[in-house]
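The values are calculated or read from the model by the stated rules, or taken from the named source; none is laboratory data. Since we're looking at a predicted model, the values are computed, not measured. Cβ placement follows ideal geometry from the backbone for every residue including glycine, while neighbour counts extend to all protein chains displayed. The protein model used for the area step is the full one, side chains on, heavy atoms only, and it has no ligands, DNA or RNA in it. Shrake-Rupley method; radii C 1.70, N 1.55, O 1.52, S 1.80 Å.
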Amino acid sequence: MPTATLIDRDNLSFAGPANCYQLDPPLMGNEFVMVYIEPGYGSITPRVTIVPKRIGDAPALNAPLPGSYSLQHDVSIDDGAWFALLAAGGYEIVVPDPAVDDSPAEFDEPTTLEPLALDKAEPEVAEVIRVHKLAKELGITSTELLAKLAEYGSTITNASANVDHDTAQIMRGIYAEGES
C-alpha cells in the first residue's frame with residue numbers, strides 16, 4: 001500500500017494548518033508534499049490542497065496536485081490530509097515514533113524533588129531578635145551594637161527593633177572574632 005510519512009506537523013508557513021509528508025511511491029514525481037487547509041471566507045468554502053514540496057524550497061502553491069478538494073465545513077488538518085492523500089493515490093498516513101535520545105545527559109545529576117514537609121505543625125520562620133537582646137548575648141551595650149549595625153549599612157536606630165536572622169549571624173560572627 002502507498003504510504004505518506006508525516007515529516008512536519010502544523011507547519012507555520014501557511015495561512016491555515018499544514019502538514020508535510022514524504023510519499024512512497026511519489027505522486028506525479030513529487031516525493032514530498034504539503035497538505036494544507038485554506039480557510040473559508042464569506043461565501044468561499046474551505047479547501048484542502050496538496051502541493052509539491054522540495055525540502056528546503058518553498059512549496060509550489062500554484063500547482064495543486066490530485067487529491068485537493070473543497071470542503072462543505074471546517075475539518076482538522078489530520079482529517080483533511082487523510083482524505084486528500086487517500087483520494088490522491090490511496091496513501092495511508094504513517095506517523096513515525098518520536099526519536100528517543102539514548103545518549104547520556106550532559107550533567108548526570110539526580111533530579112529528585114525534596115518531599116513536602118506536610119507533617120510540620122507550623123511553618124518554619126526565620127529567627128529575629130531584638131537589638132537589646134542580641135547586644136546582651138554579645139556582651140556589649142545596645143548603643144555599641146546600633147553603631148556597629150550602622151557601620152555595616154543597617155538603618156536600625158532603636159534598641160527595641162528587630163534584627164533579622166542573617167544580620168544577627170553576621171554580628172555574632174564579628175564579635176566572635178573579637179572585633180569591637
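Laid out as a table, the results:
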item: Selected residue [under 30 Å from Ala4 (Cβ atoms), in contact with a strand residue (DSSP E or B) (Cβ under 9 Å, 6 or more places away or on another chain) and either modelled with pLDDT under 80 or of a type outside the set (Phe, Trp, Tyr) (or both)] from Leu134, Leu85, Leu145, Leu149; result: Leu85
item: Single match in Phe14, Phe32 (criterion: on the phi < 0 side of the Ramachandran plot, open to solvent by less than 60 Å² (accessible area, probe 1.4 Å) and at pLDDT 90 or above); result: Phe32
item: Flag if Asp8 is without any contact (Cβ under 8 Å) to a residue 60 or more places away in the chain, of a type in the set (Asp, Glu), surrounded by fewer than 19 Cβ atoms within 10 Å (Cβ to Cβ) and closer than 24 Å to Leu71 by Cα; result: yes
item: One residue from Pro64, Pro2, Pro25, Pro98 being at pLDDT below 90 and either over 28 Å from the mean Cα position of the chain (by Cα) or open to solvent by less than 70 Å² (accessible area, probe 1.4 Å) (or both); result: Pro64
